[in-house]
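In what follows, a structure is listed as structure tokens, so that the remarks can point back to it.
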Amino acid sequence: MQISLHQLVPIPLKEKVLQQTSGIWNQAVTFTPGQWVKIKAPSGTGKTTLIHYLYNTRYDYTGDIHIDQKPWPAYNPTELANIRQSQVSVIFQDLRLFDQLTALENIELKNIMQGQAYYSREKIEDMAAQLQVTHILQQSAATLSYGERQRIAIIRALVQPFSWLMMDEPFSHLDENNTRRAAKLIAEECTARKAGFILTDLDDDTHFPYTAHYQL
Amino acid sequence: MQTFYSLLKKIIRAGIGRARYWMAYIGLGVAMLLIFIAIQVHSNFNQLLHKPENKNESADFLVINKTITNANSRNVEKNAFTQSELDDLQKQPFVESFGYMTPSQFKVQAYPPVDLQFSTAMFFEAVPDTFIDVKNDEWKWAVGDRALPIVLPNSMLNMYNFGFALSQNLPQISQETVSALPIRIVIYNDFGQEEFVGRIVGFSDRISSILVPQSFMNWANKKYAPGLQPTASRIIIKTKDPGDPKLVSYLEDHGFSTDNDKLKDSRLRMIVQIIVSVIGFFGLVLLLFAVLVFSMFIQLIIAACKKEINLLVTLGTKPSQLKRYLMRQFVPMYVLIGVITLVVISGIQYFVYTLLLKQHLFVSPLPGLYTWLAAAAILLLLYIVNSSTIRKYIYKP
């Protein structure tokens with residue numbers, strides 16, 4: 001699945017964006033399948049906004065985003081849901097877990113959304129063990145710390161088929177050790193699917209062997 | 001392992017506002033029951049009136065004439081039926097067959113068998129034989145016959161026996177006595193006269209007139225009033241159902257009158273119809289409100305869980321998945337309500353059936369076809385409202 005941006009400009013940041021030079025905003029950019037993309041962005045340059053545009057949950061932009069030669073608005077709600085179930089996964093900066101559910105249920109929700117389970121319970125527990133969150137799986141998501149929630153959100157994003165993974169500061173609340181573990185898990189899962197990802201963060205890092213770097 | 005829908009159940013709490021939820025279902029149940037009752041009462045009433053088992057006689061006879069008013073009392077022509085009126089009447093669905101009552105166009109004088117120095121002026125009428133309820137071998141007349149069979153109305157003998165005879169100290173007489181008495185009948189006018197021996201051969205409950213055979217009437221009218229066409233001022237119709245409101249309103253609209261007693265069924269039926277309509281109307285109004293509450297209820301749930309539903313959609317839940325989940329919250333419930341009300345109406349109908357059976361009246365022991373159709377239609381309506389409300393709020397981007 002190819003993602004290409006054409007003169008994409010967020011309306012709320014329009015003046016600011018047009019004053020500065022950006023690698024993404026108001027440019028023609030194409031992300032080819034399997035690319036591991038790092039987008040470095042200082043605060044307030046619209047990094048979360050970009051992720052939301054790419055995941056098609058915000059539409060307040062000019063220019064357009066083509067997914068496989070077709071702009072986002074051309075997809076109907078059912079097609080969009082299909083893409084989100086099998087082609088594009090996401091880790092939001094604000095995580096977005098359901099407080100009514102336990103940590104495990106939050107993961108399961110995504111795991112069985114397509115009708116049958118994508119990963120077995122053992123595989124999920126294995127992933128939880130890697131990120132050291134096994135002990136909180138049965139806890140209500142409302143009671144978890146931010147770092148725990150972040151790791152649950154990461155696992156949730158990985159229990160579905162995808163060819164692109166969007167990540168918005170996915171390690172912001174993890175210590176170095178857990179960041180390393182999470183990055184390893186994400187890299188394994190992306191490799192297994194031959195999937196690409198787009199990661200936005202404030203600083204440079206070496207968590208992944210990126211194939212493309214952009215400055216927002 | 002948990003299913004997707006059991007997780008949805010934890011996220012979208014469809015049970016909010018339990019009290020309202022149950023009120024809506026109870027309202028729906030009552031509405032359906034009222035509608036079913038209205039339909040059932042209507043169908044039972046029709047069965048009581050029209051089912052062959054419930055009929056003593058397969059048809060009824062009505063003598064119809066124009067209402068005599070002060071304005072037209074001197075105008076025989078106006079009080080007779082015109083040809084177009086007759087044609088129109090004949091075309092009506094409630095008229096099964098139809099005959100003229102032919103009046104005599106000559107004068108009749110009757111004398112008692114022995115000379116008692118009195119006589120009485122009379123008249124005759126004739127109707128086709130098929131309309132007479134007295135079947136008798138003697139009921140025939142051919143040209144040259146001296147004997148003239150006569151049918152009297154039952155009421156006439158009663159009037160004599162219980163009114164006249166008692167007040168005049170005369171003996172009361174039985175039907176047999178009357179039938180045994182030969183009556184001297186003289187028919188006459190300015191052209192001549194002729195004498196016959198009249199014999200009462202029967203008493204009619206159906207037609208309150210003095211009847212002679214049609215063959216005699218034709219012959220006598222021709223002979224004594226050769227140029228005159230007999231006017232059709234009274235006619236007799238055979239009808240399946242004298243209580244048919246269409247018949248009654250037809251007669252009223254055209255200013256015709258008949259034996260009102262036979263039509264009293266119709267008034268009763270009109271009252272029943274009004275009651276049925278009122279019940280049905282309330283049922284429909286209640287149904288309307290129940291449907292309204294339902295769609296508002298669905299909106300309420302969706303509005304209360306807006307955030308959760310948005311996040312579910314963001315995570316990739318298909319609108320069809322959400323819709324199916326929400327439908328599952330409602331459909332089984334109103335199907336259940338429908339089944340319960342159908343069971344209740346079946347019970348009521350069976351009770352009515354056994355109750356009426358004791359009176360030798362027959363209605364079907366199960367609810368009729370229209371009740372089942374109404375149930376299906378109501379459930380379909382609910383499904384459509386349900387589905388379109390959910391669609392409206394879920395598929396909206």
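The values are calculated or read from the model by the stated rules, or taken from the named source; none is laboratory data. On a predicted model such as this, the values are computed, not experimentally measured, just so you know. Ideal geometry is used to build each Cβ from the backbone, glycine not excepted, and the neighbour counts take in all protein chains shown. These accessible areas exclude ligands, DNA and RNA; they are computed on the full protein's heavy atoms, side chains included. Shrake-Rupley method; radii C 1.70, N 1.55, O 1.52, S 1.80 Å.
For the peptide B:271-283, the mean number of other protein chain Cβ atoms found within 10 angstrom of a residue's Cβ is 0. When the helices of chain B are scored as -39500 (n - 2.57) per DSSP H run of n ≥ 4 and the total is divided over every residue, the value at 222 nm lands at -17000 deg cm²/dmol.
Under 5 Å between amide hydrogens, built in the peptide plane, is the criterion, and for A:Gln139 it picks out A:Ala103, A:Leu104 among residues at least 5 positions away or on other chains.
Just how large is the dipole of the protein assembly as shown about the Cα centre, in debye to the nearest 20, putting +1 at every Lys and Arg Cβ and -1 at every Asp and Glu Cβ?
Numbers: 58 positive and 51 negative charges, 325 e Å.
Roughly 1560 debye, rounded to the nearest 20.
The phi-based Karplus calculation (6.51 cos²θ - 1.76 cosθ + 1.60; θ = phi - 60°) puts the 3J(HN,Hα) values of segment A:6-11 at 10, 6, 6, 9, x, 4 Hz, whole numbers, x for Gly and Pro.
Overall, segment B:60-239 carries a charge dipole of about 300 debye about its Cα centre when +1 sits on the Cβ of Lys and Arg and -1 on the Cβ of Asp and Glu, all other atoms neutral. Annotation: amide H of A:Met166 within the under-5 Å range of A:Ser89, A:Val90, A:Ile91, A:Ile198, sequence separation 5 or more or interchain, hydrogens built in the peptide plane. How much FRET efficiency would the formula 1/(1 + (r/R0)^6) give for B:Asn189 and B:Ser97, where r is the Cβ-Cβ distance and R0 is 35 Å, rounded to 0.05? E between B:Asn189 and B:Ser97, to the nearest 0.05, is 0.60.
Here's how it looks for B:Ser97: its modeled amide H is under 5 Å from those of B:Lys238, which are all 5 or more places away or on a different chain.
If r is the Cβ-Cβ distance from B:Val344 to B:Arg391 and R0 is 22 Å, what FRET efficiency results, to the nearest 0.05?
On the way: r = 32 Å, r/R0 = 1.46.
About 0.10, to the nearest 0.05.
Among B:Leu336, B:Leu28, B:Leu89, the largest mean-square fluctuation in a Gaussian network model of chain B (Cα springs under 10 Å) belongs to B:Leu336.
Across chain B, the relative contact order, built from alpha-carbon pairs under 8 Å that are at least six residues apart, equals 28 percent.
Averaged over B:321-327, how many beta carbons belonging to a partner chain fall within 10 Å of each residue's beta carbon? Working shown, then result.
Numbers: counts 6, 1, 0, 0, 0, 0, 0.
Whole-number average of other-chain Cβ neighbours for B:321-327 is 1.
Note on B:Trp141: accessible area approximately 20 square angstrom, rounded to 10, probe 1.4 Å, nucleic acids and ligands left out. Across segment B:60-239, C-alpha contacts under 8 Å between residues 6 or more apart give a mean separation that, scaled by the residue count, equals a relative contact order of 39 percent. When only Cα pairs below 8 angstrom with a gap of at least 6 residues are kept, segment A:3-215 shows a relative contact order of 32 percent. Our coupling estimate for segment B:164-170, obtained by passing each phi through the Karplus curve with A = 6.51, B = -1.76, C = 1.60 and θ = phi - 60°, is 5, 4, 5, 6, 9, 6, 9 Hz, Gly and Pro reported as x.
Each of B:Tyr100, B:Tyr334, B:Tyr5 has its accessible area taken with a 1.4 Å probe; listed largest first, they run B:Tyr100, B:Tyr5, B:Tyr334.
Using the Karplus relation 6.51 cos²θ - 1.76 cosθ + 1.60 with θ = phi - 60°, the per-residue 3J(HN,Hα) values for segment A:131-140 come to 8, 6, 10, 4, 5, 9, 4, 8, 7, 5 Hz, with x marking Gly and Pro. Segment B:118-195 and segment A:169-190 have Cα centres spaced 120 Å apart.
Each part gets one Cα centre, and for segment B:330-397 versus segment A:134-163 those centres are 48 Å apart. Peptide A:105-112 shows a mean partner chain C-beta count of 5 within 10 Å per residue C-beta.
If I take R0 = 35 Å and measure r between the Cβ atoms of B:Ile274 and B:Met156 in this structure, what FRET efficiency does the formula 1/(1 + (r/R0)^6) give, to the nearest 0.05?
Numbers: r = 39 Å, r/R0 = 1.11.
Given R0 = 35 Å and the Cβ-Cβ separation, E is 0.35.
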